[in-house]
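**Q** Just passing along the structure, written as structure tokens.
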2 protein chains.
Amino acid sequence: MTKKDVLVLKDLLGTNNQIAAEIRRELRARGILCVNLLSSPGSGKTTVLEALADRLGGGHRMAVIEGDIETERDAERIRARGIPAWQITTGGACHLEAKMVGKVLGEVPADIDFLFIENVGNLVCPAGYDLGESLRCVLLSSPEGDDKPGKYPRAFLTADILLLTKADLLPFLPFDPEKAAAEALTINPRLKVFRLSALKGEGMDELAAFFVEALARERARRA
Amino acid sequence: MTKKDVLVLKDLLGTNNQIAAEIRRELRARGILCVNLLSSPGSGKTTVLEALADRLGGGHRMAVIEGDIETERDAERIRARGIPAWQITTGGACHLEAKMVGKVLGEVPADIDFLFIENVGNLVCPAGYDLGESLRCVLLSSPEGDDKPGKYPRAFLTADILLLTKADLLPFLPFDPEKAAAEALTINPRLKVFRLSALKGEGMDELAAFFVEALARERARRA
């Protein structure tokens, strides 16, 4: 990279951070907990959101912003659960940026409690872009291998929550969840770790309860 | 993106394409078949290379260039099979570029037959960078889901070969390999499709035989 490229990049990231800070202020003012989900393609982000849709009841409402390079598929899956969803198709771009989220924010109902943003499936680039979330969630599915935190450290370093997904496949795979969690915690000791099978329901009640508590903390901070 | 950013990007890609063309000329002159492997993190690229190392015998020699953001882990796995391997750690960058490959090319022995390049685990960005390969191989593992070709079209559009990996997990997953292959072939009808389990050996002899034939074709073209 030349000096000129670095300057262009700094400029772009500076603008992104400003827009993200505005989004964060706006969502906090509305009392909405915003969670940015980040992982490789096929780690189970949409399936976790479907499972959360069935569990975040008790008067709580959620909405989802879906990021993908092409297709409306993920938004359609979420809408099928009766959850409002907006699909952002980046048309080639490898990550969501705050300005893309900002454009749909006006359409998000004011009375929701949770706004989940499912990023483009990519364990690298999305880690560099703040979207204005309050919590960042990285997913690592058991088929991906327990060596991934060390190889893709930034995603784990910048997250608040680690979801070890597809636990139902553990009997058939050379994946050690203890090792994966330990390596991720070496990179980022403040990670809150959950072991899930969103398909079978394992660990999903605990995750839903965690988000409800996080929402209460977020609102208490505002009050 | 501003006009300035687009110009910088065009400039970077133009330089990459020039270096890639030089690498391709150099490797063809040496009679080496170069294959660029591209996929999400954890789709099984290294495991496929380990399985090929056990099968590309018969007087054939292979070498591997490994791309990762951090760690020497993949190169160590390949060296453990007696195969020469070079690790490129990009230190944050989400893809390999031709100039990175060019830097290690001088160290690659002249008498090898196959040079495999394992790209950074990322189904998006590496698709935009020619590394001077003769064949590009995209991997899609069954746990990732059969909806991925449509969501990440460029990787499938620019590849010559599609490897549907981790076939041993099919009994436990909602993955339809026919659907995945059909969607990929809609995007790119000239894809050669293999269904593999590198761990169990399924399909690996056919893949090794395909590469041996491709090497013969490459050398015949040169003669």
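The values are calculated or read from the model by the stated rules, or taken from the named source; none is laboratory data. In this text, all values refer to a predicted model and were calculated from it rather than measured experimentally. With ideal geometry, Cβ positions are generated from the backbone for all residues, glycine too; neighbour counts draw on all protein chains shown. When the accessible area is computed, the model is the full protein with side chains, heavy atoms only, and any ligands, DNA or RNA have been set aside. Shrake-Rupley method; radii C 1.70, N 1.55, O 1.52, S 1.80 Å.
**Q** Quick check on residue B:209: is it open to solvent by 10 Å² or more (accessible area, probe 1.4 Å) and either more than 26 Å from residue B:114 (Cα to Cα) or of a type in the set (Phe, Trp, Tyr) (or both)?
**A** no
**Q** On the given criteria, is residue B:200 charged (D, E, K, R), assigned to a loop (DSSP other than H, G, I, E, B) and surrounded by fewer than 17 Cβ atoms within 10 Å (Cβ to Cβ)?
**A** Yes; evaluated as a whole, the condition is true for this residue.
**Q** Looking only at region A:104-122, filter to residues that are in contact with a helix residue (DSSP H, G or I) (Cβ under 8 Å, 6 or more places away or on another chain) and open to solvent by 10 Å² or more (accessible area, probe 1.4 Å); which one of those is nearest to residue B:123 (Cα to Cα)?
**A** Filtering first and then ranking leaves A:105.
**Q** I've got another one for you. Select from region A:69-86 the residues that are over 18 Å from residue A:133 (Cβ atoms), open to solvent by less than 40 Å² (accessible area, probe 1.4 Å) and either in contact with a Phe, Trp or Tyr (Cβ under 7 Å, 6 or more places away or on another chain) or not in a loop (DSSP other than H, G, I, E, B) (or both) and list them in ascending order.
**A** The answer is A:69, A:75.
**Q** Ok, one more. How many of the residues in region B:129-156 are more than 11 Å from chain A (Cβ to nearest Cβ) and open to solvent by 10 Å² or more (accessible area, probe 1.4 Å)?
**A** 6
**Q** In region B:172-183, which residue that is more than 9 Å from chain A (Cβ to nearest Cβ) and either without any contact (Cβ under 8 Å) to a residue 24 or more places away in the chain or part of a helix (DSSP H, G or I) (or both) is least open to solvent (accessible area, probe 1.4 Å)?
**A** B:180
**Q** Could you check region A:162-171 and list, in sequence order, the residues that are in contact (Cβ under 8 Å) with a residue 60 or more places away in the chain and either more than 11 Å from chain B (Cβ to nearest Cβ) or more than 24 Å from residue A:34 (Cα to Cα) (or both)?
**A** Across region A:162-171, the qualifying residue is only A:163.
**Q** Hey, residue A:101 hits all of (1) open to solvent by 10 Å² or more (accessible area, probe 1.4 Å); (2) β-branched (Val, Ile, Thr); (3) assigned to a helix (DSSP H, G or I) but one; which does it fall short on?
**A** (1)
**Q** Could I ask something else about it? If residue B:92 satisfies every condition in (1) open to solvent by less than 10 Å² (accessible area, probe 1.4 Å); (2) modelled with pLDDT under 95 but one, which is the exception?
**A** Every listed condition holds for residue B:92 apart from (1).
**Q** Let me ask another. Being surrounded by fewer than 24 Cβ atoms within 10 Å (Cβ to Cβ) and either touching a Lys or Arg at 6+ places or on another chain (Cβ under 7 Å) or within 29 Å of residue A:123 (Cβ to Cβ) (or both) is the filter; apply it to region B:50-61 and report the residue that is modelled with the lowest pLDDT.
**A** B:54
**Q** Here is a further query. Given the criteria more than 14 Å from chain A (Cβ to nearest Cβ), assigned to a helix (DSSP H, G or I), buried (at least 19 other Cβ atoms within 10 Å of the Cβ) and at pLDDT 95 or above, does residue B:214 qualify?
**A** Judged against the criteria, residue B:214 is not a match.
**Q** Quick one: what pairs do we get from region B:77-105, first residue within 14 Å of chain A (Cβ to nearest Cβ), second of a type in the set (Val, Ile, Thr) and open to solvent by 40 Å² or more (accessible area, probe 1.4 Å), C-beta under 7 Å, 6+ apart or different chains?
**A** B:99/B:19
**Q** List every residue pair whose Cβ atoms lie under 8 Å apart, where the two residues are 6 or more positions apart in sequence or sit on different chains, the first residue falls within region A:1-25 and is under 22 Å from residue B:13 (Cβ atoms), and the second residue, located anywhere, is modelled with pLDDT of 65 or more and among the small types (Gly, Ala, Ser).
**A** Qualifying pairs under 8 Å: A:13/A:128.
**Q** Give region A:157-171 a look and list any residue that's part of a loop (DSSP other than H, G, I, E, B), of a type outside the set (Lys, Arg) and open to solvent by 10 Å² or more (accessible area, probe 1.4 Å), or say none.
**A** A:158, A:160
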